[in-house]
Amino acid sequence: MAEPPHCAEIEHLSGRYTVCTFDPAKDTIRLFGAGTLETRGATYDQLNTHLLRNGQHMSFAMNGGMYHPDYGPVGLLIEQGRETGALNQADAFGNFFMKPNGVFWVADGKAGVMETEAFAKAGISPREATQSGPMLVIDGQIHPRFLPDATSLQIRNGVGILPDGHVAFAISNDPVRFHDFATLFRDRLQSKNALFLDGSISSLYAPEIRRRDRDAVMGTIIAVVKNLPW
């Protein structure tokens, strides 16, 4: 029996979005940094080549967090239990440091999105994790610095946890403001916690809907990985 579709095109307020949902108890969600791929900047083609060498392939992927000019992660990055980027609790300028920022993590068939300070105190030892910012939704509340009439419009992507524990990855297909993107997660997807992953360089690999943004160069990729059938 074929799997039900993971991705859907939806409209919310004045924007169009692609939302892809996965069950962390069944779907293998992984993080890959450019350093692991041994490349200056990670692409979907490079990741697929890396996976094929190990008898695997990706059925979904999205840029997975912010990075320095050398494509190293700005904050926490954990790949298969190995920390390749440290948790960053510093104060500085830019979207990553628009506190509160947060962490998306996967461990033992579960996934979560947590504000960074809460994550640091929780004692979680995830198999996979990425830190980004700002948080979009914190315990059901929109980030306090988002304005409904803000003029900054970008293609944006993020991740949230649905009420049933599934993970929702969303990318806007039109430039949108932070506030509208956050309400997509809170009001449409019913996510109590959601995290912004990036804007302007946001991209998606979703072959089930014939979406392959091949030109994207990233520091970190989130992927759903499957074993090859042979």
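The values are calculated or read from the model by the stated rules, or taken from the named source; none is laboratory data. Just so it is clear, the structure is predicted and the values come from calculations on it, not from any experiment. In this analysis, Cβ positions are derived from the backbone assuming ideal geometry, glycine residues included, and neighbour counts consider all displayed protein chains. All accessible areas refer to the heavy atoms of the entire protein, side chains included, with ligands and DNA or RNA removed. Shrake-Rupley method; radii C 1.70, N 1.55, O 1.52, S 1.80 Å.
Quick grid of which residues meet (1) modelled with pLDDT of 95 or more; (2) surrounded by fewer than 18 Cβ atoms within 10 Å (Cβ to Cβ); (3) not in a loop (DSSP other than H, G, I, E, B):
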site: ALA2; (1), (2), (3): no, yes, no
site: GLU11; (1), (2), (3): yes, yes, yes
site: CYS20; (1), (2), (3): yes, no, yes
site: ARG30; (1), (2), (3): yes, no, yes
site: GLY35; (1), (2), (3): no, no, yes
site: ARG40; (1), (2), (3): no, yes, no
site: LEU51; (1), (2), (3): yes, no, yes
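Please go through (1) at pLDDT 95 or above; (2) open to solvent by 50 Å² or more (accessible area, probe 1.4 Å); (3) in a loop (DSSP other than H, G, I, E, B) for ASN88 and return the number of the only condition it doesn't satisfy.
Going through the list (1) at pLDDT 95 or above; (2) open to solvent by 50 Å² or more (accessible area, probe 1.4 Å); (3) in a loop (DSSP other than H, G, I, E, B), ASN88 breaks only (2).
As an exercise: evaluate ASP198 against (1) modelled with pLDDT of 95 or more; (2) part of a strand (DSSP E or B) and give the number of the one condition it does not meet.
(1)
Would you please name the residue that is nearest to GLY165 (Cα to Cα), looking only at residues in the stretch 96-108 that are out of contact with any Lys or Arg (no Cβ under 8 Å at 6 or more places or on another chain) and surrounded by fewer than 18 Cβ atoms within 10 Å (Cβ to Cβ)?
The extreme case among them is PRO100.
Could you tell me whether TYR71 is in contact (Cβ under 8 Å) with a residue 60 or more places away in the chain, under 20 Å from GLY102 (Cα atoms) and surrounded by fewer than 23 Cβ atoms within 10 Å (Cβ to Cβ)?
Here the answer is yes, as TYR71 does meet what is asked.
Would you check if ALA25 is closer than 22 Å to LEU189 by Cβ, open to solvent by 60 Å² or more (accessible area, probe 1.4 Å) and modelled with pLDDT of 95 or more?
Numbers: closer than 22 Å to LEU189 by Cβ: yes; open to solvent by 60 Å² or more (accessible area, probe 1.4 Å): yes; modelled with pLDDT of 95 or more: yes.
Yes; evaluated as a whole, the condition is true for this residue.
Looking at (1) touching a Gly at 6+ places or on another chain (Cβ under 7 Å); (2) more than 27 Å from ARG188 (Cβ to Cβ); (3) of a type in the set (A, V, I, L, M, F, W, C), which is the only condition ALA122 fails?
It fails just one condition, (1).
Does ASP187 satisfy the criteria of being under 21 Å from ILE10 (Cα atoms), surrounded by 17 or more Cβ atoms within 10 Å (Cβ to Cβ) and charged (D, E, K, R)?
Criteria not met by ASP187.
Hey, among GLU117, GLU83, which residue is farther than 26 Å from LEU37 by Cβ, acidic (Asp, Glu), open to solvent by 50 Å² or more (accessible area, probe 1.4 Å) and not in a loop (DSSP other than H, G, I, E, B)?
Answer to the selection: GLU117.
Across the stretch 210-230, what is the total count of residues that are aliphatic (A, V, I, L, M) and loosely packed, with under 15 Cβ neighbours inside 10 Å?
1
Please determine whether any residue of the stretch 73-81 is at pLDDT 95 or above, of a type outside the set (Gly, Ala, Ser) and out of contact with any strand residue (DSSP E or B) (no Cβ under 8 Å at 6 or more places or on another chain).
In the first step, residues of the stretch 73-81 are kept if they are at pLDDT 95 or above; the result is 73-81.
Right, trim to of a type outside the set (Gly, Ala, Ser) and you get 73-74, 76-80.
Okay, now just the ones that are also out of contact with any strand residue (DSSP E or B) (no Cβ under 8 Å at 6 or more places or on another chain), so none.
Within the stretch 73-81, none of the residues are at pLDDT 95 or above, of a type outside the set (Gly, Ala, Ser) and out of contact with any strand residue (DSSP E or B) (no Cβ under 8 Å at 6 or more places or on another chain).
Answer yes or no as to whether ASP180 is at pLDDT 95 or above, farther than 22 Å from MET114 by Cβ and charged (D, E, K, R). Give the steps one after another, and end with the answer.
Numbers: at pLDDT 95 or above: yes; farther than 22 Å from MET114 by Cβ: yes; charged (D, E, K, R): yes.
Yes, satisfied.
Which residue, of PRO134, PRO163, PRO175, is within 18 Å of the chain's Cα centre (by Cα) and exposed (fewer than 12 other Cβ atoms within 10 Å of the Cβ)? Outline the logic, then answer.
Working: PRO134 fails: exposed (fewer than 12 other Cβ atoms within 10 Å of the Cβ); PRO175 fails: exposed (fewer than 12 other Cβ atoms within 10 Å of the Cβ).
After ruling out the rest, the residue left standing is PRO163.
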